[in-house]
Structures are given as structure tokens and as C-alpha cells.
Amino acid sequence: MDALKNKLTLPEQEEILNNCIRSEKPLADELSKKGLTYDSLRYREYIDITLHDRSSETLDEKPKIPASIPAVSFFSGAGGLNIGFEYAGFDNLVSIELSETFCDTLRRNYPSKTIIGPPDSTGDVRNHEETASLLGAIIGSTKPFDGVFHGGPPCQSFSIAANQRFGKDSDNFKRRGFDDEEKGELLFDYLWYIKRFRPRAFLIENVAGIEDCDGNSTIQTALDELSSLGYNILPPKIVNATHYGVPQNRLRWLTIGTRSGRAIDFPAPTEHRTACFGLFSRDLSNVDNHQTRKHSAESISRYMLLAYGARDKLGRVDRLSPYAPSKTVVAGGTKGGGRSHLHPYSPRTLSVRECARLQTFPDSYVFTGSTARQFTQVGNAVPPLLAYKIAMQIREGI
């Protein structure tokens, strides 16, 4: 693709930026007056590298397998695991989610499915009996459940990226792990439901940092307890989503348990890392969630000087290289909202839809709420394509 197509020349761009800075006029207004957009702007430096075409996989191009295996989604978030399991032929009967904003997105995309969460119920898995009663009314209270549980307990207390947003003097700077009273114990709440309903198989997903916070082997002890109940459990493994077709470096901790009598193996990784260039050649017309930020002329003047992969230290944003996987899509703070990386060809931050594509969400999937909350939903999610490949392994195994 021609990255410089329909771009302003550098002298034209610098004249517009300098005029806005001198006159203190909003850059967005000046671009609009001239019939331009932020995608009309360019970086100073482009490197012409021959691309080896390993096109990114997309769920948009994959047919959904007819639903035949029931499933329950815990900590559903915006639905990353739900989507992957849906495409692999699972029927997500119930989604359990604490955040009302996330529940709104789930209901928008799954209007006929049951969502246990606000405003109808708390969606809080720590309320064991309340949530188990609501769940049992749908899937039946007689165990074992002839389906699959999948879930990724909220991981902020184990995450390096989440905790380094805070100052070094803050209590939040160091990962609190299982000492976090609010989120550190949610993994064990999830295991409580597995023991209660005895699903045919289960998936547990989390950040790679969970292992660093488990100095007392708390997780292994809990998994051993499930093994004593008849589960064959894969040793936990850390995978990088980019080796599974996702155009993004994203490390995830995974384990799978099954009552089928044999372990279900993880999907085989590819040898290469999936670059993100193919994503940025796709059309963005007629898609939802593609509102871009109105940057100031001062910000664009800094961004346009960045090389591929370089960071703007003031704004703490990185210009993506199209020849490599994207850096991890982050959710941002629960109060400040998410933020995104810089587009590789246009000196602006990515839209929610572009981040969702890096996460491999289908374009048909719509995120609700404010733009900041949409970024949070996308950044918190499991890449649906990774979820799909794991779900296919589980499907074949059971």
C-alpha cells in the first residue's frame, strides 16, 4: 500500500501547524475548513521496507460453526472470549459481568442471551449463592454441567502495565496480586463455581504476571484440588497472541481442565509473529466506533517527528511499526479511560475500531458507552481470534 497517498506535503503541513500554534486556533477546525482530516497529515519519516505478505487472519472471514456445546462466560467484559467460543460452535447461554457499561455492550451484541449483571443483578461472582442461584436457574442446578466454563478474572492486581500508571510512591505501583482484597481473590471465586457445577471443561485466562505473584504456589494448590475432583488439567502456559494470528504482542496465562479423561492441548503456535500492516490497509467506511481524537497542533508537531516504534515521552504514546506486531493494546485507568497507540501512517492516535481490529474483534461487533469506556472495554478483552483457536481445541477434545 502507498502510505503517502493523499497526504499533505511537509511544507503544507508545517504551515498549517505553525499558523494554528501562532493563532491558538484548534487544528481540527482548520483542517475541516480546508476539507482535510487528520489522515491527511503525515510523519516526517517513512521507511520503505519490502513487506512479506503474511496477511492477518480475521474472524470476519471465518464461518461460525453451528452452536452445539453449551457454555457459560464468567467475567465476560466486552465479550472477547464469548466471540471466540461462539465462532467455534459454543452456545454462550449466560454471561456474568459486574460492570454495567460492559453489560450494555453484551446486551447490544447479544440481545437474546442472558446477561447476569447490572442493572438487573449485581453480576458479582463474590456473591456465591446469589449468582449460583441465577446461573442454576438457566443451566440447571444438577451437576455435572455438560458444557464449558470460560473466564478471565480481572487481572489489574497482577498486571505490570496497570500498576505502572501510578507514581513509584503510590501503593498501587507494585503489583499486589493475591493481596488485593478486591480483585486478587476473584480467581478462587471462579474456581468455586467450577467445583459447584462441575463443567465438562473449563478455561482460565489471565495476565502473564499472575505467576510472579504466586510465590506460595497458591494457584497450583487450587488446581490440584480440582484434579482431585477428576479434572485433567494442563500445566499453565504463557502464550503470546501474535503467534496465533493476532497482530499484537499480548502475553496471556492460560490453563484448561477437562473431565474427558485426557488433557486438551493448547493450539500450536506459528513460528512467525503477525505484523499489523494488513490491518491498516482495510477500509474503515461504514464501521462503528471509529471516531478519532482531535489532537492539538502542538501534539501533531511532536508526533510527526517520531520514527517507527518510537515513543512520544510527553504524551506517552508510541508510533506503531507496520512491519511488526502492535504493542499491547491497553485499557487505561478505571477513572481516566483508555488510550491508544499512534497510527503508523497518520500522526494521530488510533480509534476504538482500529484498536478493536488489533484485538481481532469482528467489525460487526459494536461497543457502547463513552469513547473512553469503549477503549477500556477493548483493552481489557481477550483477543477473540486467540479465544477461537483455544475454543476449537476444547471442542475437538470433548
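Each residue in the range 226-248 was checked for being touching a helix residue (DSSP H, G or I) at 6+ places or on another chain (Cβ under 8 Å) and surrounded by fewer than 14 Cβ atoms within 10 Å (Cβ to Cβ), and 1 pass. Exactly one residue among Ser301, Ser351 is of a type in the set (S, T, N, Q), farther than 29 Å from Gly369 by Cα, touching a residue at least 40 places away in the same chain (Cβ under 8 Å) and surrounded by fewer than 22 Cβ atoms within 10 Å (Cβ to Cβ), and that residue is Ser301. Can you confirm whether Thr122 is among the β-branched types (Val, Ile, Thr) and buried (at least 17 other Cβ atoms within 10 Å of the Cβ)? Taking the combined requirement at face value, the residue does not satisfy it. Checked against the criteria, Ile204 does not count as at pLDDT 95 or above, surrounded by 21 or more Cβ atoms within 10 Å (Cβ to Cβ) and touching an Asp or Glu at 6+ places or on another chain (Cβ under 9 Å). Number of residues in the range 316-351 that are among the small types (Gly, Ala, Ser), at pLDDT 90 or above and over 15 Å from the mean Cα position of the chain (by Cα) equals 3.
The values are calculated or read from the model by the stated rules, or taken from the named source; none is laboratory data. Predicted model, so just to flag it, every value in this text is computed and none were measured. Virtual Cβ from ideal backbone geometry, glycine too; neighbours counted across all protein chains shown.
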